[in-house]
Amino acid sequence: MSFRDCALTPDQMEKEKAVFWAIVLDTIILAFFTITGLLSGSMTALSEIIRFMLLLTIEYVSYAVLKRAHRGRFNEFEYGTGKIERITNLMVAFGLLLSSLYILSKIFSSNDGAPISMNCLILTILSATINLMANYYFSISFIRSNRTEASMIISSQIAARIAKTVSSAVVLCVLMLTLWLPDPRSARIVDLIGSIFLVTYMIYIAYELIRESLPEILDRTIPEPEHYQLLKILAKNFDQYDGFNGYKARRSGKDLFILLSLNFLPNRTIEQIEKRLLPIRQAIDSEIPGSTVTIESKIMS
C-alpha cells in the first residue's frame, strides 16, 4: 500500500470501494446480459445493453477521476476539482442522450413482426433480475458513502444508479410480459413500448444533470454578501496584520476558494505571523462555511 493510499480518509476509501465493486459486478452482468439480450432479439434488451455499456464506460472514467481527486493529483487546477466533478456529471448526461438517440433510431427502423427468441429471453430475464438487485444494492451503498463528505462525482453516480435501478425494474417487467404474451406481434409492441419508456426516462435524467452542472463549469465570482462578510472579518482583525494587498475569491462548483495577500513588518518572526493569521483563518472557516482560504504573507520593505 502506497503512502498516498495510507493518507486516504475512511470516507474516501469507502467511496472508492463502493465504486470499484459496482464496476466489477456491472462488467460481469453486462457480459452475460449482452449475449442473452442480443440472441433474444428484444428491442428493450438492446436498449438496456446500449445504455448499460455507455454508462459503464463513464463509470470507469468517474472512478479514475475519483481516485486522482482523493490523492491530490489535480493540483494544477487553481480552484480544486469542482470543475472536474461537474464535467464528469456532463459526461454522464451526454452519454444518456447519445444512447437515447441510438435507441430511438433502432425503434423507428425495427420490424414489428420480427420474432423474439423465448429461450434466450428467459436467460435475459435472469440477467435482468441480477442487474436490478445489483443496481438497488449499489444505489444504497453510494448514498451511504456520500453522507459524511459529499462528492459531486458520487452524487452523479447516485443519480445515474437510481436511474439504472428504475429502468432495470421496467426492463424486467417488460421482458416478463413479453415472455407471457402468446401473440408474437403483441409481445413485440410491448417490447417497443418498454424501449420508449426507457428512452424518455434517460432523457429526463440527462436533462437534470445538465441543468445542475452546466452553470457550474466556469469559475464564478462570489456574491456580494460573501464579499461583505470577508471584508467584515478583515476589518474585525485589522490589528493582526500590518498591510493589506487585496484578495481573490472564486467559486468552482460548490467549493469557495479565497486568496488573501497581507503585509507584515520586517521585525516579525514566522511564528508571530502564523499566530496572528490564526484568528483570521478561524473566523473565515466559521463565518463562511465550505470555504478554503490561502493567505500570502509578505514582508514590508
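Taking the criterion of being surrounded by fewer than 16 Cβ atoms within 10 Å (Cβ to Cβ) and farther than 19 Å from Tyr102 by Cα, the residues of the range 182-204 that qualify are Pro182, Asp183, Pro184, Arg185, Ser186.
Results for (1) modelled with pLDDT under 80; (2) in a helix (DSSP H, G or I), shown as yes or no for each residue.
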residue	(1), (2)
Ile87	yes, yes
Ile116	yes, no
Ser127	no, yes
Phe142	no, yes
Ile153	yes, yes
Ala160	yes, yes
Ala163	yes, yes
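Exactly one residue among Leu278, Leu256, Leu260 is outside any loop (DSSP other than H, G, I, E, B), of a type in the set (A, V, I, L, M), surrounded by fewer than 18 Cβ atoms within 10 Å (Cβ to Cβ) and in the same structural domain as Leu231 (by TED's automatic domain parsing), and that residue is Leu278. Contact map, the range 231-246: first residue surrounded by 12 or more Cβ atoms within 10 Å (Cβ to Cβ), second residue of a type in the set (Asp, Glu), Cβ cut-off under 6 Å, separation 6 or more or different chains; the map is empty.
Within the range 281-301, being in a strand (DSSP E or B), surrounded by fewer than 16 Cβ atoms within 10 Å (Cβ to Cβ) and of a type in the set (A, V, I, L, M) holds for one residue alone: Ile299.
Applying the selection to the range 21-74, what residues are of a type in the set (A, V, I, L, M) and over 22 Å from Ile103 (Cα atoms)? Of everything in the range 21-74, those that are of a type in the set (A, V, I, L, M) and over 22 Å from Ile103 (Cα atoms) turn out to be Ala22, Ile23, Val24, Leu25, Ile28, Val61, Ala64, Val65, Leu66, Ala69.
Contact map, the range 93-108: first residue under 16 Å from Leu56 (Cβ atoms), second residue surrounded by 15 or more Cβ atoms within 10 Å (Cβ to Cβ) and of a type in the set (D, E, K, R), Cβ cut-off under 7 Å, separation 6 or more or different chains; pairs are Ser99/Arg51.
Among the residues of the range 20-48, those that are closer than 21 Å to Ser139 by Cβ, of a type outside the set (Phe, Trp, Tyr) and surrounded by fewer than 22 Cβ atoms within 10 Å (Cβ to Cβ) comprise Ile23, Val24, Leu25, Thr27, Ile28, Ile29, Leu30. Within the range 18-39, residues that are in contact (Cβ under 8 Å) with a residue 40 or more places away in the chain reach partners that are of a type in the set (D, E, K, R) and surrounded by fewer than 14 Cβ atoms within 10 Å (Cβ to Cβ) with beta carbons closer than 9 Å, at six or more positions or on different chains, in the pairs Ala18/Arg144.
The values are calculated or read from the model by the stated rules, or taken from the named source; none is laboratory data. Note that the structure is predicted; figures quoted are calculated from it, not measured. So basically every Cβ, Gly included, is an ideal-geometry build from the backbone, and we count neighbours across all protein chains shown.
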